Amino acid sequence: FTLQPAAGAQGELTGLKIIRAYHRSKRLSAPRLMGLAERARSTILIPDSAHGTNPASAALSGFRVVELKSGPNGLIDLAELKAKLSNDVAALMLTNPNTLGLFEKDILTITRLCHEYGALVYVDGANTNALLGIVRPGDLGVDLIQLNLHKTFSTPHGGGGPGAGPVGVTAALADFLPVPRV
């Protein structure tokens with residue numbers, strides 16, 4: 001985890017900068033076949049059920065935002081995800097539980113599909129308080145998570161609390177975390 005972000009929105013931005021740095025390092029270290037390097041990944045997939053600030057943070061970070069429509073059950077539509085995944089996708093940015101309060105029951109399939117395309121899975125931690133003590137994001141295949149400490153370890157939104165938005169990552173992304181790190 002990095003403790004640098006001073007708020008959830010700054011944590012989102014930090015997570016997206018980590019995603020960009022990770023993919024850039026992969027691109028620069030990839031063997032060049034016939035003089036062609038892997039092109040930069042420029043797309044972030046964001047479900048329509050994700051936290052409302054996600055599209056703005058992704059666009060501010062220079063990514064093209066592609067919305068994923070929810071299925072009739074309010075969850076990510078797997079057919080829609082499969083149709084929009086490509087080698088241009090840098091990450092899926094989702095909120096889990098989503099803004100409807102629903103846990104993505106197919107999260108293991110979702111993360112597997114994204115990883116098959118080399119895309120990372122970012123979870124906006126806006127609703128992480130619903131997962132505490134029940135499940136570990138890493139066990140779900142999540143690569144990055146940002147926590148909104150004013151909600152996750154305090155009272156619901158609007159109740160005040162600490163101004164911090166730490167970002168946690170898997171070991172593969174640890175070198176891209178800004179300091180201070182825990």
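The values are calculated or read from the model by the stated rules, or taken from the named source; none is laboratory data. In this text the structure is predicted, and so the values were computed from the model without any measurement. Positions of Cβ are backbone-derived with ideal geometry, glycine not excepted, and every protein chain shown enters the neighbour counts. Just so you know, the surface numbers come from the protein's heavy atoms only, side chains and all, with ligands and any DNA or RNA stripped out. Shrake-Rupley method; radii C 1.70, N 1.55, O 1.52, S 1.80 Å.
What the table shows:
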| quantity | calculated |
| --- | --- |
| Lone qualifier among Gly118, Gly125, Gly160, Gly165 - being at pLDDT below 95 and surrounded by fewer than 21 Cβ atoms within 10 Å (Cβ to Cβ) | Gly160 |
| Where a residue in region 61-74 is farther than 14 Å from Thr99 by Cβ and its partner, wherever it lies, is of a type in the set (Lys, Arg), with Cβ under 9 Å and at least six apart | Ser61/Lys17; Ser61/Arg20; Gly62/Arg20; Phe63/Arg20; Phe63/Arg41; Val66/Lys84; Asn73/Lys105 |
| Exclusive hit being open to solvent by less than 20 Å² (accessible area, probe 1.4 Å) and not hydrophobic (A, V, I, L, M, F, W, C), set Ser70, Ser86, Ser61 | Ser61 |
| Some residue of region 92-100 being outside any helix (DSSP H, G or I), at pLDDT 95 or above and out of contact with any helix residue (DSSP H, G or I) (no Cβ under 9 Å at 6 or more places or on another chain) | no |
| Residues located in region 168-182, provided they are open to solvent by 70 Å² or more (accessible area, probe 1.4 Å) and in a strand (DSSP E or B) | Arg181 |
| Scope region 101-115; condition modelled with pLDDT under 95 and open to solvent by less than 10 Å² (accessible area, probe 1.4 Å); matching residues | Glu104 |
| Answer residue from region 12-40, given it is open to solvent by less than 30 Å² (accessible area, probe 1.4 Å) and over 29 Å from Leu100 (Cα atoms) and is modelled with the lowest pLDDT among those | Ala30 |
